[in-house]
Amino acid sequence: MNTAANKLKALSLDVAALRRDFPILHQTVGDKPLCYLDNAATSQKPRAVIEAVERYYRQDNANIHRGVHTLAERATAAYESARERIAGFLNAAHNEEVVFLRGTTEAINLVAQSWARPRLQPGDEVLITELEHHSNIVPWQLVCEQTGATLRAVEVNEAGELDLDSFEAAIARRPRLFAVGHVSNALGTINPLSHLIQRAHAHGVPVLVDGAQATPHLAVDVQALGCDFYAFSGHKMYGPTGIGALWARRELLEEMPPWQGGGEMIKMVSIDRSIWNDVPHKFEAGTPNIAGAIGLAAAADYIESVGIEAIAAREDELLSHATEALNDLGGIRIIGTSEKKAAVVSFVVEGVHPHDLGTILDSEGVAIRAGHHCAMPLMEKLGLVATARASMAFYNTKEEIDTLATALQKAKNILG
């Protein structure tokens, strides 16, 4: 799975030093050292992010874009600097293409209600895939119910990969939008995004990408990808909760009406009418999560200081070790076996419910996720109710994965 170059990049990381950046990792659960393998749910936060948020509240806290006093100006400068930082992180052409929101879910809902709803009519289709998180399913169900459009999904195969024949047949029907995850949260599958976008555009179909699971692990260049919308969450990429962003091409944002009304998103208000603010502010009604945006920018800085290629190589190495360790145990079936995966191992143990497994692992200090992973259609397609999921970040160690394997063997002995 690793190339020689990737091994060198992975070896370039001083993992012990990097782990010292994450205070939460150095604790015990019960009497066992914490072994945190639930990074696909949320990642832990480095000191740089924690201190950036704390510094804002200690030194600069004020509302933005309105006050003329020093604190307001400093807070506004920090918030807009964060926007510029995230635009650079994504290689956006313009800072104004970044809209700060609560996260991926809100970003997709914004596109569904502001871009799709005015365009959809009965007979239209919106295309997603069977791999999607609920956040990239339910907003489209809602807007289809509102407009009479139909929601369809590209099929997945047994390996947890998109069936490209199914995709070609679906995209040839020219849906009004194709919404697809960059990386599957449930299985770790990395979709062939450039190919999918190229084929969709060949049929004149705009593409929204759910990048929630990609930004912590992969370099994202929205201009190189050529997508139309890219949504992601801060807390998956070592940033605060409650903050994320939607990137969209500027001309699309300018065409879209606001989806929420209030302060900040207007230039002028009278009793009879209002004039909307410029992008991106017309989509940021009310006081935004200022500290969250600043923390998100600090997270982007942190990722780039470590090196996204080194992170990817390190996580690839951890994935190989975890896959081998679980296969060696026997009686465990790994769900999702694509050749191209992020560091996620989803699995089931014969005769053991994943929730029972998760409880026993927790007693050993091992934090994993058990359940449907907000991907119930995928679970149904695979004939499963739930899986257990171990998801790694670059700060995890092979010793922690060995601890997982030991705990799994103990759970099998108790429950099997």
_Verdict on residue 71 being modelled with pLDDT of 95 or more, surrounded by 20 or more Cβ atoms within 10 Å (Cβ to Cβ) and not polar (S, T, N, Q)_ = no
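Residue-by-condition table, conditions (1) of a type in the set (Ser, Thr, Tyr); (2) at pLDDT 95 or above; (3) under 27 Å from residue 333 (Cα atoms):
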{"position": "150", "(1), (2), (3)": "yes, yes, no"}
{"position": "165", "(1), (2), (3)": "no, yes, yes"}
{"position": "206", "(1), (2), (3)": "no, yes, no"}
{"position": "217", "(1), (2), (3)": "no, yes, yes"}
{"position": "224", "(1), (2), (3)": "no, yes, no"}
{"position": "229", "(1), (2), (3)": "no, yes, no"}
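Considering every residue within segment 295-313, establish whether at least one is over 24 Å from the mean Cα position of the chain (by Cα) and open to solvent by 40 Å² or more (accessible area, probe 1.4 Å).
Pass one, segment 295-313, residues over 24 Å from the mean Cα position of the chain (by Cα): none.
No, segment 295-313 contains no residue that is over 24 Å from the mean Cα position of the chain (by Cα) and open to solvent by 40 Å² or more (accessible area, probe 1.4 Å).
Among the helices (runs of 4 or more DSSP H) confined wholly to segment 321-416, which include 2 or more residues that are open to solvent by less than 10 Å² (accessible area, probe 1.4 Å), within 19 Å of residue 189 (Cα to Cα) and touching a residue at least 12 places away in the same chain (Cβ under 8 Å)?
Working: elements: 354-363, 376-381, 398-415.
Helices (runs of 4 or more DSSP H) meeting the threshold: 376-381.
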*Give me the pairs, please: first residue somewhere in segment 188-207 and within 20 Å of residue 173 (Cβ to Cβ) and free of Cβ contacts under 8 Å to residues at least 40 places away in the same chain, second residue anywhere and of a type in the set (Val, Ile, Thr) and in a loop (DSSP other than H, G, I, E, B), beta-carbon distance under 9 Å, and either six or more positions apart or on two chains.*
199/205
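Inside segment 246-255, can you point out the residues that are among the aliphatic types (A, V, I, L, M) and either buried (at least 19 other Cβ atoms within 10 Å of the Cβ) or in contact with a Gly (Cβ under 9 Å, 6 or more places away or on another chain) (or both)?
Taking segment 246-255 as the starting set, the residues that turn out to be among the aliphatic types (A, V, I, L, M) are 246, 248, 252-253.
Of everything in segment 246-255, those that are among the aliphatic types (A, V, I, L, M) and either buried (at least 19 other Cβ atoms within 10 Å of the Cβ) or in contact with a Gly (Cβ under 9 Å, 6 or more places away or on another chain) (or both) turn out to be 246, 248, 253.
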_Odd one out for residue 161, checked against (1) crowded, with 20+ Cβ neighbours inside 10 Å; (2) touching a residue at least 60 places away in the same chain (Cβ under 8 Å); (3) within 28 Å of residue 285 (Cβ to Cβ)_ = (3)
_Subset tally (residues that are surrounded by fewer than 20 Cβ atoms within 10 Å (Cβ to Cβ) and touching a Lys or Arg at 6+ places or on another chain (Cβ under 8 Å)) for segment 193-210_ = 2
*Condition broken by residue 122, with the remaining ones in (1) crowded, with 19+ Cβ neighbours inside 10 Å; (2) more than 24 Å from residue 280 (Cα to Cα) satisfied*: (1)
*asked:* Contact list please: Cβ distance under 7 Å, first residue in segment 262-278 and free of Cβ contacts under 8 Å to residues at least 40 places away in the same chain, second residue basic (Lys, Arg), pairs at least six apart or on different chains.
replied: 265/282; 275/267; 276/267; 276/282; 277/267
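Out of the residues in segment 174-190 that are touching a Lys or Arg at 6+ places or on another chain (Cβ under 8 Å) and open to solvent by less than 10 Å² (accessible area, probe 1.4 Å), state the one that is nearest to residue 213 (Cα to Cα). Walk me through how you get there before you give the answer.
First pass over segment 174-190, keeping only residues touching a Lys or Arg at 6+ places or on another chain (Cβ under 8 Å): 175-176, 186-190.
Now drop any that are not open to solvent by less than 10 Å² (accessible area, probe 1.4 Å), which leaves 175, 186-189.
Working: 175: 25, 186: 10, 187: 11, 188: 8, 189: 10 Å.
Per the criteria, the residue is 188.
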*Could you tell me which numbered condition residue 209 fails, if it satisfies all but one of (1) under 17 Å from residue 166 (Cβ atoms); (2) touching a Cys at 6+ places or on another chain (Cβ under 9 Å)?*
(1)
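Can you pull out every residue in segment 106-159 that is more than 18 Å from residue 377 (Cα to Cα), assigned to a loop (DSSP other than H, G, I, E, B) and of a type in the set (A, V, I, L, M, F, W, C)?
Taking segment 106-159 as the starting set, the residues that turn out to be more than 18 Å from residue 377 (Cα to Cα) are 106-125, 143, 145-149.
With assigned to a loop (DSSP other than H, G, I, E, B) added as a condition, the list becomes 117-124, 148-149.
Matches in segment 106-159: 120, 149.
Considering only segment 14-33, I want to know if a residue exists there that is among the aliphatic types (A, V, I, L, M), modelled with pLDDT under 95 and outside any helix (DSSP H, G or I).
Step one: list which residues in segment 14-33 are among the aliphatic types (A, V, I, L, M), which gives 15-18, 24-25, 29.
Okay, now just the ones that are also modelled with pLDDT under 95, so none.
For segment 14-33, residues among the aliphatic types (A, V, I, L, M), modelled with pLDDT under 95 and outside any helix (DSSP H, G or I): absent.
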*From (1) out of contact with any Pro (no Cβ under 7 Å at 6 or more places or on another chain); (2) open to solvent by less than 30 Å² (accessible area, probe 1.4 Å); (3) farther than 23 Å from residue 381 by Cα, pick out the condition that doesn't hold for residue 281.*
(2)
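The values are calculated or read from the model by the stated rules, or taken from the named source; none is laboratory data. In this text, all values refer to a predicted model and were calculated from it rather than measured experimentally. So basically every Cβ, Gly included, is an ideal-geometry build from the backbone, and we count neighbours across all protein chains shown. To get the accessible areas, we keep the full protein, side chains included, count just its heavy atoms, and leave off ligands, DNA and RNA. Shrake-Rupley method; radii C 1.70, N 1.55, O 1.52, S 1.80 Å.
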